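To start, the structure itself, in structure tokens.
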Amino acid sequence: MKQEKHSLRNPAGIGHLGELAVRKELHRQGYNVYIPQCDNDGVDMVVEDQNHDKFTRVNVKTVTKLKTSTSIEVRMTRHVGTGRVDCIALYYAPEDSIAFIPYNNKMEFLNVALRNAKNNQQKDRVWFWAYRDFPEYE
């Protein structure tokens, strides 16, 4: 039986690398992270806030290439209307960078800009770099 390699060409390996990177960053920011026994409902990890009184359900999306020359797009249709995910941890592997974006369970696609567009459009752009810190929820 041939064993499959984990690399950036293997979807399971890509996702695993993203989850590990997100866990490392959350620990660096001072959060406790809990991993579900199985991932049946799209919750990759649960994060305990720094006051130890609230928990946030996180789904990790690992991206290896830009959708356009300036932005990332991830499909969220699996999560729309479920109320199961509170935050999307978007890991951009080529730059080893993470954005923690609050999720309202309504967006079917999440578009996030990494660079300025050629036309310098700024209006209504969601900037990757604006979400470097994990959000505290009330």
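The values are calculated or read from the model by the stated rules, or taken from the named source; none is laboratory data. Nothing here was measured: the structure is a model prediction, and the numbers come from that model. Because the Cβ atoms are built from the backbone with ideal geometry, glycine has one as well, and the counts that use them run over all protein chains shown.
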Subset of the range 1-55 that is basic (K, R) and at pLDDT 90 or above - its residue that is nearest to N105 (Cα to Cα): K54
Qualifying residue in the range 120-127 (condition: under 28 Å from I35 (Cα atoms) and among the polar types (S, T, N, Q)): no
Qualifying position, being modelled with pLDDT of 90 or more, aliphatic (A, V, I, L, M), buried (at least 20 other Cβ atoms within 10 Å of the Cβ) and under 18 Å from F128 (Cα atoms), among V58, V74: V58
Matching residues, the range 94-138, being touching a residue at least 12 places away in the same chain (Cβ under 8 Å) and among the basic types (K, R): K106, R115, K118, R125, R132
Test: residue in the range 61-71 that is within 19 Å of Y92 (Cβ to Cβ), among the basic types (K, R) and free of Cβ contacts under 8 Å to residues at least 12 places away in the same chain: no
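Tell me, please, whether a residue that is farther than 25 Å from Q37 by Cα, touching a Phe, Trp or Tyr at 6+ places or on another chain (Cβ under 6 Å) and of a type outside the set (V, I, T) can be found in the range 105-116.
Going residue by residue through the range 105-116, those that are farther than 25 Å from Q37 by Cα are 106-116.
Remaining after also requiring touching a Phe, Trp or Tyr at 6+ places or on another chain (Cβ under 6 Å): 112-114.
Subset that is of a type outside the set (V, I, T): 113-114.
Among the residues of the range 105-116, at least one is farther than 25 Å from Q37 by Cα, touching a Phe, Trp or Tyr at 6+ places or on another chain (Cβ under 6 Å) and of a type outside the set (V, I, T), which makes the answer yes.
Yes/no matrix, rows are residues, columns are (1) over 12 Å from the mean Cα position of the chain (by Cα); (2) under 14 Å from V22 (Cβ atoms):
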site	(1), (2)
A99	no, yes
P102	no, no
N105	yes, no
R125	yes, no
Matching residues in the range 109-121 - criterion: being surrounded by 11 or more Cβ atoms within 10 Å (Cβ to Cβ) and either at pLDDT below 90 or in a loop (DSSP other than H, G, I, E, B) (or both): L114, R115, N116, A117, Q121
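In this structure, does A130 turn out to be among the small types (G, A, S) and surrounded by 15 or more Cβ atoms within 10 Å (Cβ to Cβ)? Can you show your working first?
Values: among the small types (G, A, S): yes; surrounded by 15 or more Cβ atoms within 10 Å (Cβ to Cβ): no.
No.
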